[in-house]
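Structure record follows, encoded as structure tokens.
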Amino acid sequence: MVHGGAGRRPAGCEEEVRRALLKALDAAFENEEDALAAAVAAVVVLEDEPCLNAGTGSALNRLGGVEMDAAVMAGEGLKFGAVAAIREVKNPVLVAREVMDSEHILLSGEGAVLFARERGFPRYPEERLITERALSRWREAKRKGERGHGTVGAVVRDRRGRLAAATSTGGIVNKRPGRVGDTPLPGAGTYAEAGLGAASATGEGEFLARALVAYRAVSALIEVPPEEAAARALALAKELGGEGGLILVDAEGRLAASHTSPYMAYAWRGEEGEGVVV
């Protein structure tokens, strides 16, 4: 299952988002023997869709710059890798995957950029990440004092039963430079655990992080089915004052999507069929 973010509907982008979600599923199934590779491949596709808030098209911070967060997690061994407030890379999720294989689990800011260069990721000019749509949202946010948000993500169970999750975001529109949301924090926006499930969250990151929604949803699978597990996790974030959404897969391959925000885009494909909601 993949998602394109929760919150405000991307006006004028419905068809682009639909195509991107379905293309992301295709990319995942090209890697269906490896849950982690499948999740990463799906998120790369979503990062490359300008209508979504990740990679190209990311939200702009108060200075009009792009700082992105991304994370990947494999259920086997609870392996985790993430980057926060990274700049000038095309696909942050690929850098997060490299961090997973390093001695660390999370790198931020200039340190994350330096790591990306060491691992062979070329400088990707910031102006190529900034779209007219993102600029328009930024100007509107500055004028009205609103804070839009959005995220992309994927959860996968492969043929051998392995579980993985990947999430990527440009964060909140007009955020403070250096702000880090839930996405790159293990258990907050991204979590996978062997024998239980995998989750990727989207929404108001400060509240999702405080509620540890991804971990909470996966842990609830011990007692309840995916639909209820996802709803339980988001209910706590809502009690704290934040809205959002969550996609979830359990160890049996059952899928669920839940959101307390007015809108969430997501798509799924599995033994029970496929579908897309935009």
So, first residue farther than 21 Å from R179 by Cα in the range 190-207, second residue in a strand (DSSP E or B) and of a type in the set (D, E, K, R), Cβ within less than 9 Å, six or more apart or across chains; the pairs are A192/K79; L196/D250; G197/R157; G197/D250; A198/R157; A198/D250
Being acidic (D, E) and either within 20 Å of G65 (Cα to Cα) or buried (at least 24 other Cβ atoms within 10 Å of the Cβ) (or both) narrows D182, D158 down to just D182
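From P125, P177, which residue is at pLDDT 95 or above, under 20 Å from the mean Cα position of the chain (by Cα), surrounded by fewer than 20 Cβ atoms within 10 Å (Cβ to Cβ) and over 30 Å from G75 (Cα atoms)?
The match here is P177.
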Does K79 satisfy being without any contact (Cβ under 8 Å) to a residue 60 or more places away in the chain and within 16 Å of the chain's Cα centre (by Cα)?
no
Yes or no: S102 hydroxyl-bearing (S, T, Y) and in contact with a strand residue (DSSP E or B) (Cβ under 7 Å, 6 or more places away or on another chain)?
no
Output the residues belonging to the range 32-47 that are farther than 18 Å from N91 by Cα and either of a type in the set (F, W, Y) or surrounded by fewer than 23 Cβ atoms within 10 Å (Cβ to Cβ) (or both).
E32, E33, D34
Which ranges mark the strands (runs of 3 or more DSSP E) fully within the range 31-133 that have 1 or more residues being polar (S, T, N, Q) and out of contact with any Phe, Trp or Tyr (no Cβ under 6 Å at 6 or more places or on another chain)?
106-108
Which one is modelled with the lowest pLDDT among residues in the range 1-25 that are small (G, A, S) and either within 19 Å of L248 (Cβ to Cβ) or not in a loop (DSSP other than H, G, I, E, B) (or both)?
G7
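The values are calculated or read from the model by the stated rules, or taken from the named source; none is laboratory data. None of the values given here were measured: they were computed from a predicted structure. Heads up, the Cβs are rebuilt from the backbone with ideal geometry, glycines too, and the neighbour counts pull from every protein chain shown.
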